[in-house]
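K.L.:
Before we start, here is the structure in question, set down as structure tokens.
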Amino acid sequence: MAGHDGIGYSADSPILDLAAAIVKAAVDDYVKTLRNLWSRNLDISRKRKLIIEKTELEEFFHSSWYEMLTDIDPDFLVYQCKILAKEKEKKAIERKNMKRIKQKIKQLPVMITFRPHPLLTNGIY
């Protein structure tokens, strides 16, 4: 952990756990904020609030307090958060598309059962 006084912390230190929890909460908030910003159904006031939240989180990642909590490079962390947010958004889009496809399939009329051509089955049917 950056900024400690050289005494050191054990791997199971509650202080390290708290520092990790603070950074993880900021990461989770940042990823969520990014995904919400990409939403198409935002009114201007909601979008402004999200931009402010994103900026505040980026300021935290570049703050001296953040440096005291972790040695992780803030620019690297922000980059990784953006990658994670994109991956989560892609998966959400895929789930939504699969749901739409399943709904469309249910709406299709019942098809006549497939009966293979006799030449394709070598006369076995």
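K.L.:
In terms of modelled amide H atoms, which long-range or inter-chain residues lie less than 5 Å from the amide H of residue 70?
P.N.:
It is 2, by chain and number.
K.L.:
With the cut-off at 22 Å, tell me which of the pairs 24/86; 54/96; 49/91 have Cα atoms farther apart than that.
P.N.:
Numbers: 24/86 18 Å; 54/96 26 Å; 49/91 25 Å.
Beyond 22 Å: 54/96; 49/91.
K.L.:
Residue-wise, which Karplus ³J(HN,Hα) couplings in Hz belong to the range 30-35, taking 6.51 cos²θ - 1.76 cosθ + 1.60, θ = phi - 60°, and x for glycine or proline?
P.N.:
Going residue by residue, I get 5, 4, 4, 4, 4, 5 Hz, with x marking Gly and Pro.
K.L.:
In whole Hz, with x marking every Gly and Pro, tabulate ³J(HN,Hα) for the range 59-74 from phi via Karplus 6.51 cos²θ - 1.76 cosθ + 1.60, θ = phi - 60°.
P.N.:
5, 4, 4, 9, 8, 5, 4, 4, 4, 6, 7, 7, 9, 5, 4, x
K.L.:
Let me ask you something else. By how many nm would the segment from residue 25 to residue 54 grow when fully extended, if each residue of separation counts as 0.36 nm and the alpha-carbon distance is taken off?
P.N.:
So the chain would gain 9.1 nm between residue 25 and residue 54.
K.L.:
So between residue 105 and residue 89, what do we pick up on full extension, going 0.36 nm a residue minus the alpha carbon distance?
P.N.:
Numbers: separation 16, 0.36 × 16 = 5.76 nm, distance 2.43 nm.
Gain on stretching residue 105 to residue 89: 3.3 nm.
K.L.:
Another question, if that's okay. How large is the dipole of the range 14-107 about the Cα centre if only Lys and Arg carry +1 and Asp and Glu carry -1, each at its Cβ, rounded to the nearest 20 debye? Let's see the in-between values first.
P.N.:
Numbers: 21 positive and 15 negative charges, 308 e Å.
With only Lys, Arg, Asp and Glu charged at Cβ, the dipole is about 1480 debye.
K.L.:
Related question: May I ask you to compute the full-extension gain from residue 42 to residue 16, defined as 0.36 nm times their residue separation minus their alpha-carbon distance, rounded to one decimal in nm? Mind showing how you got there, number by number?
P.N.:
Working: separation 26, 0.36 × 26 = 9.36 nm, distance 3.77 nm.
Extra length available between residue 42 and residue 16 comes to 5.6 nm.
K.L.:
Another question, if that's okay. Exposure proxy check: 76, 60 ranked by fewest other beta carbons within 10 Å?
P.N.:
Values: 76 10, 60 17.
Placing the least packed residue first, the sequence is 76, 60.
K.L.:
What aspartates and glutamates sit close enough to residue 88 to cross-link, taking a C-alpha to C-alpha distance under 18 Å and skipping anything fewer than 8 places away on the same chain?
P.N.:
Partners found: 28, 29.
K.L.:
Which of 35, 46, 40, 100 comes first, and how do the rest follow, when ranked by fewest Cβ neighbours within 10 Å?
P.N.:
Numbers: 35 16, 46 13, 40 4, 100 10.
The fewest-first ordering by Cβ neighbours comes to 40, 100, 46, 35.
K.L.:
How are the alpha carbon pair distances in the range 14-107 distributed across 5 Å bins from zero to the largest one, expressed in percent?
P.N.:
2, 12, 19, 18, 15, 12, 9, 6, 3, 2, 1, 0
Readers should treat all values here as calculations from the given coordinates under stated rules, not as data from a laboratory. Since the model is a prediction, treat every value here as computed from it, not as a measurement. As a convention, Cβ positions derive from the backbone with ideal geometry for all residues, glycine included, and neighbour counts pool all protein chains shown.
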